[in-house]
Amino acid sequence: MNKFFKSILALGITSALGLQTVNAATYQVIDKGAVSVLKYTYSQQENNNGEAAISGTNIYNFPVQFQYLDTKDFDNIVALAERSHEGVFELNNIENEVELRAGNPTANDLSWVISYLRSRNTLTQYQKIGDVYAMTNFNGDTELLNIFDKKFADTDSYTRSTQEYINGITNEGWVYGNASAPYLPYAYTVTNNSGDDVVGDVIYNWRRDFVSRGFFSPDRGATVIEIIPPSEIDLPEEQRFGGISAILDISDSHYAVGYGSTSIDQNAINFIFDTSGETDDDKKDNGCEKQGYLDNNNITFEDCVQATVNNSYNTEAIKWTIDEKGTVTSETLGHLVTPHVDDEREFINYAQAINNSGVAVGYAHGWVDENVTEPKVSESRNLYAVVYKDGTVMDFTDDHSEYFNSRAYDINDNGVAVGHVTTFVNGNQRTKFYYVDTNAETMKMIFPGDFFLGSSSTARAINESGKIVGEGEVETHNDSTGSPRRTHGFIYDITSETFTDLNDFLTCDSAYTIIEVRDINDINEISATALVKVARRDSKGELVLDAKGEQIFEDVLRAVTLQPTDGEIEDCSEVEEKVERQGAGLGLTSLFLLMFAGLRRRFN
């Protein structure tokens, strides 16, 4: 499988309002996402002991390194604000250009600097913004967990250039996931006039050691153990550029699953090493070993390699076994189909979850015609949910002509797996959640009813008592990229065959609307993300007031835990729906777009 999927989740961490609880009818909301340094938080998983893995984004006071910006950069920032401020909610034109150029911007002007850096994210010569943060909640306190980030030289400030995905937590308190290395600046002396750079100028290129590396910590983050991908062991030394790996799930029996790079796309290898018989100073040919190419772009061989391999790794679904001494052994889980010998396409296989018996689920490329035994060179294919069991890869998606692009996200110790399929409903593509018994001789997907026929839904997790959680659409308008339907979290009980909007379990006056669910543990505590209105803060984390000096409020995403209570479901028929009550606050559509952009490393 090639070209690691970038599903850079973008829900996040929020302002410091303290730990709050709201008594619910049958569930109470425990707010675990109030963190002073981040705006948005979202839940990943809570174990049976109340310990949680949480993710976040939108850090306050991002540490811009102004010394690496030149006069032209500041000119561009001023011009960006001038032409864009009227169309950007919450931001004004540059407030103090002198202080901005001195590296001491107002919160408003800092926002424009960050926007400018984001717009140059693909350029080597600019500071990088990672903006995906891992957190844990042990003993009731939510704290940032640093995985691989480093501090800038001679400062106490982390680069905040890493993307650190915490994908879950075991009942022993092991946390796991995948994270990138930090980008650090490296001096480069210009040897060839190029653009605004002239010979002799010293510029700085930003470089990192690897794209993504799986990790786990058996001691609450005190020790972080890296998962070295096969490509960094098996490939020739000159082709070891960091590789990629990720742990997406760990069982209590210490089986782990995820993916790792096994090789690099041959076209990338050719670009890095192949000089095509030309001389090193040939400026007409491109490649990392072409000095002319490097000089024209003001980069080093290492910079060139970084840009080339970022999306060029071939990856495989991998199962790791961790013994009592912490020794890790691995095995690749294999593909669903064997392509024609001349088929040069990349075939994907992912493992998303694993149970205590070592049975894993995920998805992989398979043939649209499930009866094909001798595939053509370009045989029609799609992605299908699979189970990895006893050394085999098995597809359990029903009729491929009706269901396609399916996923399996979780499996319990009884062998029941959950996920979603894609199908057409009234002429529109929708996802529908399912569950399936992988122990059955003939595996059959079961599709319970969800919010309504045309609602897209997905199941994220299942516990040992057969309770399934996920989210689905609750609005009925014709959705589009710019106008997604809002979602609510749900719970489905296999035993009683009941489907319930989780918001129905809260009090009628709850400040929280549950819009997404990630997990449910074995005492029926639910890890969810909620929409809630809080005091607005600027890019420096300071409270924002209106012209009258009164506090302004905004809607944010917040990591919460839903805990069962002994109450009863309240009748909210006389209370307006919470989606409306939460406000026509500006930015709600943006928040839902933020969800779709997704910090969803585990749920590709």
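Residue-wise HN-Hα couplings along the range 243-255, as the Karplus relation 6.51 cos²θ - 1.76 cosθ + 1.60 with θ = phi - 60° gives them from phi, are x, 9, 7, 7, 9, 9, 6, 9, 8, 5, 8, 6, 8 Hz; Gly and Pro carry x. Using the Stokes-Einstein relation with a Kirkwood hydrodynamic radius computed over Cα pairs, the translational diffusion coefficient of the range 72-115 at 10 °C and a viscosity of 1.306 mPa s comes to 157 µm²/s. Model label sites at Ala153 and Asn478, defined 7 Å from Cα along the beta-carbon direction, differ in position by 5.8 nm.
Surface composition of the chain: carbon and sulfur make up 45 percent of the accessible area, probe 1.4 Å. Cross-link check: pairs Lys32/Lys548; Lys32/Lys540; Lys32/Lys150; Lys72/Lys128; Lys325/Lys389 evaluated at a Cα-Cα cut-off of 29 Å; pairs beyond the cut-off: Lys32/Lys548. The range 39-92 and the range 511-557 have Cα centres separated by 16 Å.
Between Ala187 and Ala222, the simple label model (points 7 Å from Cα in the Cβ direction) yields a spacing of 4.0 nm. About the centre of its Cα atoms, the chain shows a dipole size close to 660 debye [charges on the beta carbon of Lys, Arg (+1) and Asp, Glu (-1) only; nearest 20 debye].
The gain in end-to-end length when the Asp571 to Glu542 segment is fully stretched comes to 6.5 nm, 0.36 nm per residue minus the alpha carbon separation. For the range 14-133, taking the reciprocal of the average inverse distance between every pair of different Cα atoms yields a Kirkwood hydrodynamic radius of 16.8 Å. Using DSSP to call loops (not H, G, I, E or B), can you name the GluC sites (Glu not before Pro) in the range 327-436 whose Cβ has at most 13 other Cβ atoms within 10 angstrom? Listed in order of number, the matching sites are Glu344, Glu346, Glu402.
Over the chain, Cα pairs under 8 Å with separation of 6+ residues give a relative contact order of 16 percent.
Its Kirkwood hydrodynamic radius, worked out from the mean inverse distance over all distinct Cα pairs, puts the range 70-152 at 14.9 Å. Per-residue Karplus couplings for the range 478-489, computed as 6.51 cos²θ - 1.76 cosθ + 1.60 with θ equal to phi - 60°, are listed in order as 5, 7, 8, 4, x, 9, x, 6, 6, 10, 10, x Hz, Gly and Pro entered as x.
Per-residue Karplus couplings for the range 365-371, computed as 6.51 cos²θ - 1.76 cosθ + 1.60 with θ equal to phi - 60°, are listed in order as 5, x, 7, 4, 8, 5, 8 Hz, Gly and Pro entered as x. A viscosity of 1.306 mPa s and a temperature of 10 °C, combined with the Kirkwood radius over C-alpha pairs in the Stokes-Einstein formula, give the range 452-584 a diffusion coefficient of 96 µm²/s.
Ranked by the mean number of other Cβ atoms within 10 Å of their residues, highest first, the peptides 231-243, 43-55 fall in the order 43-55, 231-243.
Applying a DSSP loop filter and a limit of 13 other Cβ atoms within 10 Å to the GluC sites (Glu not before Pro) in the range 468-551 leaves Glu497, Glu542, Glu550. Taking 0.36 nm per residue of separation and subtracting the current Cα-Cα distance, fully stretching the chain between Asp234 and Asn61 would add 58.1 nm. Here the range 363-463 is treated as an ellipsoid with the same Cα gyration tensor; its semi-axes, largest first and in whole Å, are 22, 20, 10.
Note that the range 312-437 shows a convex hull volume over its alpha carbon atoms of 132 Å³ per residue.
Accessible surface calculations at 1.4 Å, restricted to protein heavy atoms, place the chain at 42 Å² per residue.
The values are calculated or read from the model by the stated rules, or taken from the named source; none is laboratory data. This one's a predicted model, so the numbers in the text were calculated from it and none came from an experiment. Counting neighbours? That spans all protein chains shown, and the Cβs are built from the backbone with ideal geometry, glycine included. Note: accessible area is taken over every heavy atom of the protein model, side chains too, but ligands, DNA and RNA are not part of it. Shrake-Rupley method; radii C 1.70, N 1.55, O 1.52, S 1.80 Å.
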